Structure formats: C-alpha cells, structure tokens
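K.L.:
One structure is given below, represented as structure tokens, and several questions about it will come after.
The values are calculated or read from the model by the stated rules, or taken from the named source; none is laboratory data. For clarity, every value in this text was computed on a predicted model and none was experimentally measured. Cβ: placed from backbone, ideal geometry, glycine included. Neighbour counts: every protein chain shown. Accessible surface is based on the protein model in full, side chains and every heavy atom, while ligands, DNA and RNA are left aside. Shrake-Rupley method; radii C 1.70, N 1.55, O 1.52, S 1.80 Å.
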Amino acid sequence: MSSQVIDLRSDTVTKPSAAMRQAMAEAEVGDDVFLEDPTVNRLQDRAAEIFEREAGLFVASGSMGNLTCIMAQTQPGQEVICEAAGHIYNYEMAAMTAVAGVLPRVINTDNGIMTWEQISRAVRPKIYYRAQTALISLENTHNMAGGTVYPTRLAHAICDRAHEAGLKVHLDGARIFNAAVHLGQSVAEVSKKFDSVQFCLSKGLGAPVGSIIVGSREFIERCRSIRKMLGGGMRQAGVIAAAGLVALEHGPERLHIDHDNAEILARGLAQIPGIRLDPTYVQSNIVIYDIRETKLSSKEFLERIARRNVLGVPVDPERVRMVTHLDVNRSDVENAIRVIGEVLRPGM
Ligand code: TLP
C-alpha cells in the first residue's frame, strides 16, 4: 500500500487547488467592512445569482452563517425546531442558546428528514405564557444521518405550511450542492421556499474557508450587522473569496464523482464481515456504518485503520463516518476498503 494517507474524516480536509491558489494570489481586494472588496462583492453577487436571490453575504464558516441566520429571525426566549442529530444542535457550541438566546426544540427521526406532521406537533401553542416557536431549521444533506437528502416536494411543503403558521424556515445547506446533484435539480429550485439559506464553500466545493448566506436584500442587510456583532466583519477578504469563487464555479460539476465514490465505498464495506451498512441508503458523499459486531469500539477501530493510513471519524461508540471529496479518488476508496477488510479479518 502507498504510504499516502487516505483522509476520509470529512470533505472539509481538502487543500486549495493550484487554480485557487493562483486566484488568491491575484485577487483584487479592498476593505470589505466599507463594502469595497471587489472579489467579495463578486462572490456574493454570483452566489445570489446562482440561488436566484436578491443578495448574498460571505461569512467565515457554516457555523457563523447558521448563527447569523438564527439571530436575524428570532428573539431571545423563542424556540427553534430542528432535527435531533442536526449540526446546529450538536456541533455549534450551543451557540443558538448561548449567543442567540433561543431554545432548540428537537425532533427525533431515523434518517434526519423531518415531516410537517412531526414539526407541527412541536410548534408551541400561541399562548402568552408559553415560549413561542419562531423558526424551523432543516439540514440538507443531513450530515450525521449519513448525507440524506430531503425530497424537494417535502421541503417545499414544510416551508409552505410553516409560512401559513407565521414561522420562518432556515436551510442549513452546508452540502446543498450535494443534495441538488442527487436530486438532479438546481440549488435555486431546491432552496427557493426557504427564508434563509446557508451553504459552505469549504466542504465538497473545495474552498479553504467560508460560507455564504443568501436571501432577500433586506434580510442580508440585517445579517451584515449581526455578522459584524459576531466579529465577522473581515477586511481584505477577497484573498479568500477568490478561492470561494473558483469553488463555486467549478466545485458543483464534479460532486457526482464523490457520490459515485461513496457508493463504491459503501458497497465494498457492506461486504466486510462485522460491518453493518445498507449501501442503498447512501445518497451523497457521506457513509456511516455500524461496527458493533466487530466487538471494537469506533475509537479502537479508527486507531487500527489509522495505523494503516486510512482515516474516518466516530459518530458514536458503535458507528463510524467516512466522507468522500475531491482529494480522494476511486483507487483511494478501493484501497481504504481493502485496508479495512484486512484489519477486520478474523485473527488480525
Ligand atoms: N460539519 C463538519 C463537522 O463540524 C461535523 C463535518 O466534518 O461534517 N452544517 C453542517 C451540516 C455541517 O456539516 C457543518 C460542518 C456545518 C454546518 C458547520 O460548518 P463550519 O465547520 O464551516 O462551521
């Protein structure tokens, strides 16, 4: 086996391409707090155009994008409905509570996909002595459910019903381009009914840094003030926005390769005794599998494969996540399957 590490921990681990580095070196810049960075402005305008929205805002991370959208659409003391395994609830430092002052009201699902039926039961009654629901947040694709995709009709129906009930809907679209590829639809179509959308440049699209919020002009102006409050007013940010532009233009067209590689990975892993995984469940670039029958904890399992230069992350003591991305190819995936098979072979 080659000694090169096959890093399947996340699609966040990709390194900027030569084209990105060149664009960064040559980026035209200005002070973005004065709205004078031409590259940031171009990135924001291009994102708005792709999503068919009035405006976009460049933020430092997906977490900052989600928090900014939550703060722009809630008051302290209100509630946000989200899925129990969702990123905003589990991996964002409780920011919605600690910073935005809102209470997450979570819904458990098997696959990360909530229905309006489930959501409507979690909406607080309009009584003066009850905290009020303000916002619903959907995650598409759903990371810790294994990259699952919302059927567009279901997501649109949730938005319609929520709006009728006077509620806003946010999309944590960190991987919305992966969802769009799976669905064979544009990101604009998939996300058109949401009041706010956050998507990441730094995941499958391959940029080193950054996320974008898109929405109405008025909403984005509110987000700009909140971003400044959170310390996210950047200056000559065109240096990183330039990489984001390359990612936005060229990242989406190759995501189907990551999905194919995830499918190959899932099919290969499903053949290995001790691994439980239904490959038909995999819809995008994330593969989560159960290793409890190996009698190893996910930590022990990951340590063993790391010694053979294959990396993943634990989901919990029994489950492991692997993510395909532009810095792993088909032969890396095949090597990863082989290594995992060897590590788990009885007597090894
Ligand atoms: N996800 C990361 C980790 O934080 C788990 C990963 O490796 O997948 N929404 C979703 C759905 C995400 O998966 C992530 C990052 C974020 C938001 C936050 O983005 P960043 O890391 O830019 O703050």
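K.L.:
In this structure, does TYR128 turn out to be more than 16 Å from the ligand (Cβ to nearest atom), surrounded by fewer than 20 Cβ atoms within 10 Å (Cβ to Cβ), farther than 17 Å from SER196 by Cβ and aromatic (Phe, Trp, Tyr)?
P.N.:
So TYR128 passes the test.
K.L.:
Moving on to the next point. Any residue in segment 235-250 that is in the same structural domain as ASP195 (by TED's automatic domain parsing), within 16 Å of the ligand (Cβ to nearest atom), surrounded by fewer than 20 Cβ atoms within 10 Å (Cβ to Cβ) and modelled with pLDDT of 95 or more?
P.N.:
No, there is no match, as no residue in segment 235-250 is in the same structural domain as ASP195 (by TED's automatic domain parsing), within 16 Å of the ligand (Cβ to nearest atom), surrounded by fewer than 20 Cβ atoms within 10 Å (Cβ to Cβ) and modelled with pLDDT of 95 or more.
K.L.:
Also: Of the residues GLY86, GLY65, only one is in contact with a Gly (Cβ under 8 Å, 6 or more places away or on another chain) and over 17 Å from GLY166 (Cα atoms); which?
P.N.:
Among GLY86, GLY65, only GLY86 is in contact with a Gly (Cβ under 8 Å, 6 or more places away or on another chain) and over 17 Å from GLY166 (Cα atoms).
K.L.:
Test VAL187 against the stated conditions and say whether it is of a type in the set (Val, Ile, Thr), assigned by TED's automatic domain parsing to the domain that holds LEU245 and either more than 16 Å from the ligand (Cβ to nearest atom) or more than 28 Å from ALA18 (Cβ to Cβ) (or both).
P.N.:
No: the conditions fail for VAL187.
K.L.:
To continue, here is another question. On the given criteria, is VAL13 surrounded by fewer than 19 Cβ atoms within 10 Å (Cβ to Cβ), away from the ligand (no atom under 16 Å from the Cβ) and not basic (Lys, Arg)?
P.N.:
For VAL13, the condition - surrounded by fewer than 19 Cβ atoms within 10 Å (Cβ to Cβ), away from the ligand (no atom under 16 Å from the Cβ) and not basic (Lys, Arg) - is not met.
K.L.:
Which of the residues spanning segment 193-204 are in contact with a Ser or Thr (Cβ under 9 Å, 6 or more places away or on another chain) and open to solvent by 10 Å² or more (accessible area, probe 1.4 Å)?
P.N.:
Once the filter is applied, which keeps residues that are in contact with a Ser or Thr (Cβ under 9 Å, 6 or more places away or on another chain) and open to solvent by 10 Å² or more (accessible area, probe 1.4 Å), segment 193-204 yields ASP195, SER202, LYS203.
K.L.:
Another one. I'd like to know if segment 32-47 contains one or more residues that are buried (at least 20 other Cβ atoms within 10 Å of the Cβ) and under 20 Å from ALA179 (Cβ atoms).
P.N.:
yes
K.L.:
Go through (1) in contact with a helix residue (DSSP H, G or I) (Cβ under 7 Å, 6 or more places away or on another chain); (2) surrounded by 15 or more Cβ atoms within 10 Å (Cβ to Cβ) one by one and return the number of the condition GLU54 breaks.
P.N.:
All conditions are met except number (2).
K.L.:
Applying the selection to segment 157-174, what residues are in contact with a Cys (Cβ under 8 Å, 6 or more places away or on another chain) and either more than 16 Å from the ligand (Cβ to nearest atom) or open to solvent by 10 Å² or more (accessible area, probe 1.4 Å) (or both)?
P.N.:
ALA174
K.L.:
Sort out which residues of segment 273-289 are open to solvent by less than 20 Å² (accessible area, probe 1.4 Å) and either outside any strand (DSSP E or B) or farther than 22 Å from LEU205 by Cβ (or both), and write them in order of number.
P.N.:
Within segment 273-289, GLY274, ILE275, SER284, ASN285, TYR289 meet the criteria.
Residue-by-condition table, conditions (1) hydrophobic (A, V, I, L, M, F, W, C); (2) under 30 Å from GLN118 (Cα atoms); (3) away from the ligand (no atom under 16 Å from the Cβ):
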position	(1), (2), (3)
ARG53	no, yes, yes
PHE58	yes, no, no
LEU67	yes, yes, no
GLN73	no, yes, yes
GLN78	no, yes, yes
ALA85	yes, yes, no
GLU92	no, yes, no
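K.L.:
Would you pick out the residues in segment 68-94 that are open to solvent by less than 20 Å² (accessible area, probe 1.4 Å), outside any loop (DSSP other than H, G, I, E, B) and closer than 29 Å to GLY146 by Cβ?
P.N.:
THR68, CYS69, ILE70, GLU79, VAL80, ILE81, CYS82, GLU83, ILE88
K.L.:
Could you check how many residues of segment 197-218 are more than 16 Å from the ligand (Cβ to nearest atom) and either farther than 14 Å from ALA47 by Cβ or not in a helix (DSSP H, G or I) (or both)?
P.N.:
Result for segment 197-218: 3.
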